[in-house]
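**Q** Let me begin by handing over the structure; questions about it come next.
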Amino acid sequence: MASPDFSQLAGGNSSEGTSKGSFWSRPEGIAGMLALAGIGALGLVYFNRIMEFLIRATENTLYLAGLLGVLALLIFLFTSRDVRTAVFFLFKTFMRKITGVVVQLDPIAIMKIYVQDLREKREKMQGQIDTLAGQLVKLNKKINENNDNIKAKFNEANKANELAATRPGMKEAATLATMEGAGLQEMNEKLLPLQRNMKLVLDFMEKVNKSADYLIKETDIKVKLKETEYQIVKESSNALKTAVSIFKGNPDKKFYFDESMEYIQDDMSKKLGEMKRAMDLSMDFINGVDIQNGMLSDKGQQLLEAYNKGEFSMVQLNPASANQLDAPVQARVINPPKDENYRSLLD
């Protein structure tokens, strides 16, 4: 007996058949059929409105000409092989894009849905196996009952044959019992091949059930492994993106960082320029103060030497100024020193 194709149990073709099958047998083909069914249902919903529009259009000659033109265009589009091919490939590409978007949303969830679909089909198959086993039990019971009835009818025929010599009519009863026994035997002969076939089918379904259980468990393990691998790869990718973003930086955040750095650089340059200008301006004053301090120091040394030699004369007030000390406004007149050195000191 050839081994069964368990991929048929999963409700689809094998991987090779899926990759080489027709467009309508693929997921995007199924999505396309659903889309076409939706368009057809929409057309049925708005059928009355479409017919009303057509009736109104035929009432006007201009509308009728336009409608005939549109109809001729549609006929040309539907009868043109190139146009049909282009529309088909456009529709096929669109459906494939939609299917790709659905797959990209959560591929792990789609794989889990597939495994759940396998489990539901296996549960359905187990229910069919139980039903088939019940039918086989009924068939076996029916065959056994027929065998018991056959024995009873043959015994009844034998008894009737024994009494046929003394009782009239027993011969017909014996013949009737024999005919019923023969009919039951013929029924059993026809039921026996059916019972054998049912037993073979049941044995085959049991093997398929065990193989399907192994296939589902293996697929479930693959999905869990792939989910773990996918999660690790996503986390690694996110970590790598974070590491790369440290060097590249976020474009928006880096823009503000560069702007802040440029502002700080400009502000520092401005403040350093102001500080340099202030230092340049204050240097003249500091130099003048240092010169004046040096001159005062030299003059003070000269005055000290003159004082030690007795040549220093104190500043004296005029007598008139001395008498006006008690006045509200006192005017003091200082006699200038006669020495030119002293005069230059007070200038």
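The values are calculated or read from the model by the stated rules, or taken from the named source; none is laboratory data. Not measured: the values here are computed from a predicted model. Here Cβ is always computed from backbone atoms with ideal geometry, including for glycine, and neighbour counts include all displayed protein chains.
**Q** Considering each of 113, 129 in turn, give the residue that is surrounded by 12 or more Cβ atoms within 10 Å (Cβ to Cβ) and either hydrophobic (A, V, I, L, M, F, W, C) or touching a Ser or Thr at 6+ places or on another chain (Cβ under 6 Å) (or both).
**A** Every option except 129 fails the conditions.
**Q** If we scan the stretch 227-237, do we find a residue that is within 19 Å of residue 124 (Cα to Cα), in contact (Cβ under 8 Å) with a residue 12 or more places away in the chain and in contact with a helix residue (DSSP H, G or I) (Cβ under 6 Å, 6 or more places away or on another chain)?
**A** No, the conditions are met nowhere in the stretch 227-237.
**Q** Of 32, 17, which residue is modelled with pLDDT under 75 and within 30 Å of residue 202 (Cβ to Cβ)?
**A** One residue alone meets the criteria, 17.
**Q** On the basis of being surrounded by 12 or more Cβ atoms within 10 Å (Cβ to Cβ) and either under 21 Å from residue 202 (Cβ atoms) or in contact (Cβ under 8 Å) with a residue 24 or more places away in the chain (or both), does residue 123 make the cut?
**A** no
**Q** A follow-up question, please. Just checking, which of 153, 210, 190 is over 57 Å from the mean Cα position of the chain (by Cα), at negative phi, assigned to a helix (DSSP H, G or I) and exposed (fewer than 15 other Cβ atoms within 10 Å of the Cβ)?
**A** Within the list 153, 210, 190, the selection yields 190.
**Q** Would you pick out the residues in the stretch 232-259 that are among the small types (Gly, Ala, Ser) and either within 24 Å of the chain's Cα centre (by Cα) or loosely packed, with under 10 Cβ neighbours inside 10 Å (or both)?
**A** Of everything in the stretch 232-259, those that are among the small types (Gly, Ala, Ser) and either within 24 Å of the chain's Cα centre (by Cα) or loosely packed, with under 10 Cβ neighbours inside 10 Å (or both) turn out to be 236, 237, 239, 243, 245.
Matching residues to (1) modelled with pLDDT of 75 or more; (2) among the polar types (S, T, N, Q); (3) assigned to a helix (DSSP H, G or I); (4) within 60 Å of the chain's Cα centre (by Cα):
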residue	(1), (2), (3), (4)
261	yes, no, yes, yes
265	yes, yes, yes, yes
268	yes, no, yes, yes
307	no, no, yes, no
331	no, no, no, no
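**Q** What is the one condition in (1) surrounded by 13 or more Cβ atoms within 10 Å (Cβ to Cβ); (2) farther than 24 Å from residue 141 by Cβ that residue 185 does not satisfy?
**A** Residue 185 satisfies every listed condition except (2).
**Q** When you check residue 118 against the structure, is it closer than 30 Å to residue 234 by Cα and modelled with pLDDT of 85 or more, yes or no?
**A** Here the answer is yes, as residue 118 does meet what is asked.
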